[in-house]
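Note sheet for the following structure.
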Amino acid sequence: MAAFYLYTFNLIPHSHSSSASSNPDSLSNLNSISAKIDKRRSSCRTSGFTVLSTHSNPRILKSNRRSRYGQVLSPYDTDDNAGDEDGDWFFDDEDSETEEFDADRKKFKSQKGNDTRQGSRRRLEEDQSIRSLKSEGSFNISKGELDVKNGKNTIGSSYHTFNKSEDYDSSEMHGIGKLKPRKSTENKYCRLSEEIDLDEKWFPLLDYLSTFGLKESHFIQMYERHMPSLQINACSAQERLEYLSSVGVKHRDIKRIILRQPQILEYTVENNLKSHVAFLVGLGIPDSRIGHVIAAAPSLFSYSVENSLKPTVRYLIEEVGIKKNDLGKVVQLSPQILVQRIDNSWNTRYSFLSRELGAPRDSIVKMVTKHPQLLHYSIEDGFLPRINFLRSIGMRNSDILKVLTNLTQVLSLSLEDNLKPKYMYLVNELRNEVHSLTKYPMYLSLSLDQRIRPRHRFLVSLKKAPKGPFPLSSFVPTDECFCQQWAGTSLDSYLAFRQRLLLKDFAKKYEKRR
């Protein structure tokens, strides 16, 4: 039995007839109803509704159609086939007003339809359907469903509707009534898909990690370093990184942590992250410094608290001799001390300093407590060159030991850019002897351009520089104390002088480079 759907208000009741011959008035009734249909169709054009016939829409025969992405489509969805001549069937009436979606999908813009060919073909198909009904002597008129949603009229179940799907973007239109296929998510990671075997299931995680500044090149590094880290559920990764943020890890450090230790995305909050944070707190590290320790040594989460981290702490206390109360400070200064082979690094450097300088154990323990980074320094490239330089300027082993015990970071200072220029200024400009460094080893850690030279030149300009060796103690206090105790001027005067001096020195260096 053929069916004709009229999408108007329920003005025409359902009618049924088994055959034309069973009722003498059937033909006249058909003619009457046909006239009513034409009248209602004209009324629908005026009111903005559309009359659709199942026979006029061949797509209803394609009940198993799928999109190019494999999704099952409604029989009334538009086709992407450019060769389909009635692909714009949604707006088919020449007198109807076409409705175009705004980008926000909430407002409509109306424009007069101008496709007379489509409207003519539609009316012709509907007239043919009516004639077919008359010849068969039976018909069925079903009531359309009218849904009023969000202040706009949409035809119900058998009408084509647009949804926010992954396949179409409603903010961009192709012609009349066709939606432009949304750009595939994979296109965002073109380079990544060329470099690695990219799985679409990873996209949510990649999108989330991108909020921390990670780019495709970083994802390639993560893949090469630890591929399973890219297979983590995005929600799980978010939970773990948010926990790290809650304990003090800064947003800008998340990127560096992930690149250094991508496995951290796999560590659960309850079974791993919380227990390691509790371990750090137990060492006496304040809450404000927990994030700093994690950012400096994210690999600590890959070590067992009971089987690795706690034994390392016991070794530092029992074998090295670091006091328990100093452990928190030592770990803050060098978080890597928890994840390195402490026994080997300690024994090697302890033996070297004892043999080379005759350093007693207590002195070396003081060095480690003040500057635990020395356990990471190379003996050949770090210790020996600097010890030999101090010897070359006239220091004895006992003097060197005093300097290193009080200022262990001398072992980390550059020879060419730091130690040698400061020594030359000490001797030539300040007219001091090398032995003064044993009393004021801090001189070697101060900035030559920002503190030593400006303060010396400022006192000279004020004619307040003492005759003979320039007092190194004038470099120790803060700028404000220096102005009060040594210069007798305002802080602004000194800062302005230092700025002019820096600009002058910069101009000289620039001229030399030219």
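The values are calculated or read from the model by the stated rules, or taken from the named source; none is laboratory data. Given the structure is predicted, the values throughout are model-derived calculations rather than measurements. Please note: Cβ atoms are built from the backbone with ideal geometry, for glycine as well, and neighbour counts cover all protein chains shown. Only protein heavy atoms, including side chains, enter the accessible area calculation; ligands, DNA and RNA are left aside. Shrake-Rupley method; radii C 1.70, N 1.55, O 1.52, S 1.80 Å.
For the pair Asn418 and Leu495, what calculated FRET efficiency results from E = 1/(1 + (r/R0)^6), where r is the Cβ-Cβ distance and R0 = 22 Å, to the nearest 0.05?
0.40
Quick one: plug the Kirkwood hydrodynamic radius of the range 254-389 (C-alpha pairs) into Stokes-Einstein at 20 °C, 1.002 mPa s, and report D in µm²/s.
The Stokes-Einstein estimate is 134 µm²/s.
Scan the range 306-365 for chymotrypsin sites (Phe, Trp or Tyr not before Pro) in coil per DSSP, keeping those whose Cβ has at most 16 other Cβ atoms within 10 Å, and list them by number.
Answer in residue order: no site qualifies.
Please give the Cα centre distance for the range 361-392 versus the range 444-510, rounded to the nearest Å.
The distance from the Cα centre of the range 361-392 to that of the range 444-510 comes to 31 Å.
Skip the ligands, DNA and RNA, and give the accessible area per residue of the range 380-514 with a 1.4 Å probe, whole Å².
Heavy-atom accessible area per residue stands at 58 Å².
Using the crude model of +1 on Lys and Arg Cβ and -1 on Asp and Glu Cβ, and no other charge, please compute the dipole size for the range 224-289 relative to its Cα centre, in debye to 20.
Here the range 224-289 has a charge dipole of around 300 debye.
Which entries of Lys366/Lys402; Lys323/Lys370; Lys366/Lys422; Lys250/Lys324; Lys310/Lys370 have Cα-Cα distances beyond 18 Å here?
Lys366/Lys422; Lys250/Lys324; Lys310/Lys370
Starting from the 7 Å offset along Cα-to-Cβ, what nm value, one decimal, do you get for the label separation of Lys508 and Lys255?
With each label point 7 Å from Cα toward Cβ, the separation is 3.9 nm.
Please list, by residue number, every one of the GluC sites (Glu not before Pro) in the range 411-514 that is coil in DSSP and has at most 14 other beta-carbon atoms within 10 Å.
Glu429, Glu433
As a test of understanding, state the convex hull volume per residue of the range 295-364 from its alpha carbons, in Å³.
About 92 Å³ per residue, rounded to a whole number.
Which values of log₁₀ I(q)/I(0), to two decimal places, follow from the Debye formula for the range 339-450 at q = 0.16 Å⁻¹ with a uniform point scatterer at every Cα?
Per q value, in the given order, log10 I(q)/I(0) is -0.71.
Would you work out which of Ile452, Phe475, Leu462 lies farthest towards the positive end of the dipole of the range 429-483, given +1 charges on the beta-carbon of Lys and Arg and -1 on that of Asp and Glu, about the Cα centre?
Leu462
log10 I(q)/I(0), Debye, Cα-only the range 389-514, no solvent, q = 0.18 Å⁻¹?
Cα-only, vacuum Debye calculation for the range 389-514: -1.03.
State the percentage of accessible surface on the range 385-514 attributable to carbon and sulfur atoms; use a 1.4 Å probe and exclude ligands, DNA and RNA.
That fraction is 51 percent.
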